[in-house]
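Single-structure report; data block below.
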Amino acid sequence: MDQIRWVKVFESQIALENFVPHLRTNTIMFDGRKVLIARTSKGFFAMQDKCPHNGASLSMGKCIDEHTSIVCPLHRYHFSLETGRGLSGVADAGRTYPIKITEEGVFLGIKEFSWKFW
């Protein structure tokens, strides 16, 4: 059974908005990993910064609003910011992280697996 552990990454939505302008990306270190945060007209998305196809930094790519995707700067493959799946016919997929914005701040979620024995 998967559970989500929420980790605070920004004090407020305003801090997040200042960190990532519309149709741009930025990165943070999160849970020992470099994570891309992107902003589209659909909102904010978090995904591993490393391209699942070749390892290039996705934050150096282009954020595409109409597809809610990020384009790898090396091979120009598109990856969905919502699911992490390749949109360019490539079967690779990157890890995404849920974002929760509350009055207490902005949180990223880490899915954790817990064993349940009957």
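Descriptive notes on the structure:
- Residue match in segment 35-43 (condition: of a type in the set (Ser, Thr, Tyr), surrounded by 17 or more Cβ atoms within 10 Å (Cβ to Cβ) and closer than 16 Å to Gly94 by Cα): no
- Neighbours by Cβ (under 7 Å, 6+ apart or cross-chain): first from segment 96-115, more than 20 Å from Ser80 (Cβ to Cβ); second surrounded by fewer than 16 Cβ atoms within 10 Å (Cβ to Cβ) and aliphatic (A, V, I, L, M): Phe107/Val7; Ser114/Met1
- Lys111 over 19 Å from Phe10 (Cβ atoms) and either in a strand (DSSP E or B) or not hydrophobic (A, V, I, L, M, F, W, C) (or both): yes
Conditions tested, residue by residue: (1) within 17 Å of Lys100 (Cα to Cα); (2) without any contact (Cβ under 8 Å) to a residue 40 or more places away in the chain; (3) within 12 Å of the chain's Cα centre (by Cα); (4) part of a strand (DSSP E or B).
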residue	(1), (2), (3), (4)
Leu16	yes, no, no, no
Leu23	no, no, no, no
Ile28	yes, yes, yes, yes
Val35	yes, no, yes, yes
Met47	yes, no, yes, yes
Gly55	no, yes, no, no
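- Test: residue in segment 65-81 that is surrounded by 18 or more Cβ atoms within 10 Å (Cβ to Cβ), among the aromatic types (Phe, Trp, Tyr), in contact with a strand residue (DSSP E or B) (Cβ under 9 Å, 6 or more places away or on another chain) and assigned to a strand (DSSP E or B): yes
Values quoted throughout were computed directly from the atomic coordinates according to the rules given, and no laboratory measurement underlies them. None of the values given here were measured: they were computed from a predicted structure. Ideal geometry is used to build each Cβ from the backbone, glycine not excepted, and the neighbour counts take in all protein chains shown.
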